[in-house]
Amino acid sequence: MSILKVARMGHPVLRERARPLDGTEIATPRIQRLIDDMFETMHDSQGIGLAGPQVHESIRLFVAGVDDDDGTMAPVVIINPEVSQIGSVVEEDWEGCLSIPDIRGRVSRALEIRIRALDRHGKPISMTANGFPARVIQHETDHLDGVLFFDRMTAFDSLTFLDEYSRFWSKNDE
Ligand code: ZN
């Protein structure tokens, strides 16, 4: 496995609409290796999720998963996701992004969602997610449409550098 270079805000690949993958392409060694490399890259950067465009691959694929102070989410590989909101409750919370290093900001997201997608074997999956995992899935799905979390902010007064986030706003201090 290897660690991939992460595209930062300003790179055009982050603003493209990524293309879907079909089952044949998902099964190729190239895509299977890419998935493994994306997990390794995400862990190396201490990220919670990583989408194809963030590693210069304009394809509708992301990996996610974490178990730390920010929250808990089982590792998932999500391909060609279709996300729909369940109910109408929206919740605001902190987000960060490996493509926008060392910045945090508060973003409103649907509290509960349903997601339909393919897994790394090309098998259809359907699940619901609530709270933190739902937020991660919405953030990563946005990357596939060229959307960054700044675009979802309704006000910028919460924008915070990571050091100040840790000092004043981290959940660890609550
Ligand atoms: Zn991101």
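Every number here is computed from the coordinates shown, using simple stated rules; none is lab data. The structure displayed is predicted, hence computed values, not measured ones. Every residue, glycine as well, gets a Cβ built from its backbone with ideal geometry; the counts of neighbours run over all protein chains shown.
Of note:
- For the chain, the calculated P(r), taken from all Cα-Cα distances in 5 Å bins from zero up to the bin holding the longest distance, is 1, 8, 17, 22, 23, 16, 8, 3, 1, 0 percent.
- Total formal charge among the other residues, if their Cβ is under 15 angstrom from that of R17, Lys/Arg +1 and Asp/Glu -1: -4
- Between R19, R116, R30, the GNM of the chain built on Cα springs shorter than 10 angstrom shows R30 fluctuating the most.
- By the count of neighbouring beta-carbon atoms within 10 Å, fewest first, S166, S158 end up ordered S166, S158.
- Bridge type composition, the chain - antiparallel percent by DSSP, nearest 5: 95
- About the centre of its Cα atoms, the chain shows a dipole size close to 680 debye [charges on the beta carbon of Lys, Arg (+1) and Asp, Glu (-1) only; nearest 20 debye].
- Exposure proxy for M9, M42: other Cβ atoms within 10 Å of each Cβ, ordered fewest to most, give M9, M42.
- Furthest towards positive pole of dipole, P101, I78, V55, structure part the range 55-123, Cβ charges: I78
- Residue with peak Gaussian network fluctuation, the chain [Cα springs, cutoff 10 Å], from L159, L144, L98: L159
- Charge tally in the Cβ shell below 12 Å around A155, where Lys, Arg are +1 and Asp, Glu are -1, A155 excluded: 0
- Residue of Q138, Q54, Q46 that the Gaussian network model of the chain assigns the largest fluctuation, springs spanning Cα pairs under 10 Å: Q46
- Here is the list for the range 78-160: chymotrypsin sites (Phe, Trp or Tyr not before Pro) lying in DSSP coil, each with at most 11 other C-beta atoms within 10 angstrom of its C-beta, are F156.
- Environment charge at P81 (Cβ cut-off 12 Å; Lys +1, Arg +1, Asp -1, Glu -1): -2
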